[in-house]
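Heads up, the thing below is written out as structure tokens.
What follows draws every value from the coordinates through simple rules; no lab data is involved. On a predicted model such as this, the values are computed, not experimentally measured, just so you know. As a convention, Cβ positions derive from the backbone with ideal geometry for all residues, glycine included, and neighbour counts pool all protein chains shown.
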Amino acid sequence: MNTNQDGLIDANELWRYLHNNQPHIQYQVQRLVVKHHSEWLKDGMTTLWQTALNEQAGSYPELALYNNEYINKLVWMKDVQEIRSSEALWHMHPVVFLDSLGERNGNRIPCSFCQSGIEIKPELLIHCFGISSEKADLYAPLLTNSFIKYDINNCLRISHFLGQIGVETQMFTKFREGFYYTDGDRLWRIYYTQLNLGLSRRFPSYTESQRKQYTKDHLVRNEDELAKTLFPSDYEGMNYRGRGLIHLTHESTYNSYKEYSGNEVISNPKMLEEDPVIAVDSACWFWSKFANINPLADTDNLSEVTYKVNTAKLNITTRGEIKNLTFNYIKQNNTGCIK
């Protein structure tokens, strides 16, 4: 805005950008807190106005007279003892200020691109995932609150997030990673490294061929035993398989979330799949705090975003399709966004 590079934004520069034909620029200018002399403080006889009124009187005397009377009717600040009439004052737009509060209180997410309010309605979740209205009514406000908390706060971030969790949860139907395999050879190929590590802890004397045979004999069609082998826990009957909307995996990740949130997911990892609040909060924490995915989403980099969530990039096409479905829905139902 400081077009003459003098280190100050003068009235002409402010006016120019306030009347810019790009809504997102107008939106930002309207939200500036600006220090200047107020028309509510000085009457038409003061130096502040006289130069402009005298110039106007030369060509439009009636207009100058009208403006002088108009200015005098607006003066009230000089009667307020707390206001020093000789100083400029800080100004903000009161209606815009109240509108901004209303956006937050109305469960609208202020977009980091343009500050237009993005609303996560149940209809959006039904549109993207085909879930029941009851489930959509439950998760829409939880997502809104967590999106605000973790700065998942523009159309690209929200769209990529929903695209990823749509695949991870199989359209909001699975909040726990499944480990039911019927083919031992395939299971061994997929989890070769983790099975060798897990079975070495359990059976230190086993050779690799014995570990492979154990996998085929005991871990096929045995989901719980396989999960305990791959993601062991010191707590009876527990394991640290992928859980929640984004499938937190491994004890170290569970522990990081516990330290951040205070939620006791180490001794009771099932909280991530059974408590909707924690399922949502943990996913948004992973996205924003643990994996720092927001900057990648801002660049619309589907490949890198997916890698952060799923290193194998499984079903990346579907993730992109859901992302686009979400993005288009937001654009059609939330006006003013510049992206």
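What you get for region 113-253, charging only the Cβ of Lys and Arg (+1) and of Asp and Glu (-1), is a dipole of about 320 debye around the Cα centre. Our estimate of slack between residue 18 and residue 3, defined as 0.36 nm per intervening residue step minus the Cα-Cα distance, is 4.0 nm. Placing +1 on each Lys and Arg Cβ and -1 on each Asp and Glu Cβ, with no other charges, gives region 170-294 a dipole about its Cα centre of roughly 400 debye.
Short-range pairs are left out: with C-alpha atoms under 8 Å and at least six residues apart, the relative contact order of the chain is 17 percent. Charging the Cβ of each Asp and Glu at -1 and of each Lys and Arg at +1, and nothing else, the dipole of the chain about its Cα centre rounds to 1140 debye.
Shape descriptor for the chain: Rg over Rh equals 1.21 (Cα atoms; Rh from the Kirkwood inverse mean 1/r).
Only one residue of 303, 282, 38 has its Cα farthest out toward the positive end of the dipole of the chain, where Lys and Arg carry +1 and Asp and Glu -1 on Cβ, and that residue is 303. Per residue, the chain reaches -16000 deg cm²/dmol at 222 nm when only DSSP H runs of four or more residues are counted, each adding -39500 (n - 2.57).
Residue ranges 291-300, 55-64, 223-232 sort as 223-232, 291-300, 55-64 when ordered by packing (mean number of other C-beta atoms within 10 Å per residue, highest first). Amide H to amide H distances under 5 Å link residue 109 with 118, 119, 120, where only residues 5 or more positions off or on other chains count and H is placed in the peptide plane. Run the reach check for residue 73 against lysines, Cα to Cα strictly under 16 Å, same-chain hits fewer than 8 apart removed. What comes back? Qualifying lysines at Cα under 16 Å: 42.
In region 179-232, Cα pairs under 8 Å separated by at least six residues give a relative contact order of 55 percent.
For the listed residue pairs 289/323; 212/323; 270/308, the alpha carbons are over 29 angstrom apart in 212/323.
Taking a sphere under 13 Å around the Cβ of residue 180 and counting the other residues whose Cβ falls inside, with K and R at +1 and D and E at -1, yields a net charge of 0.
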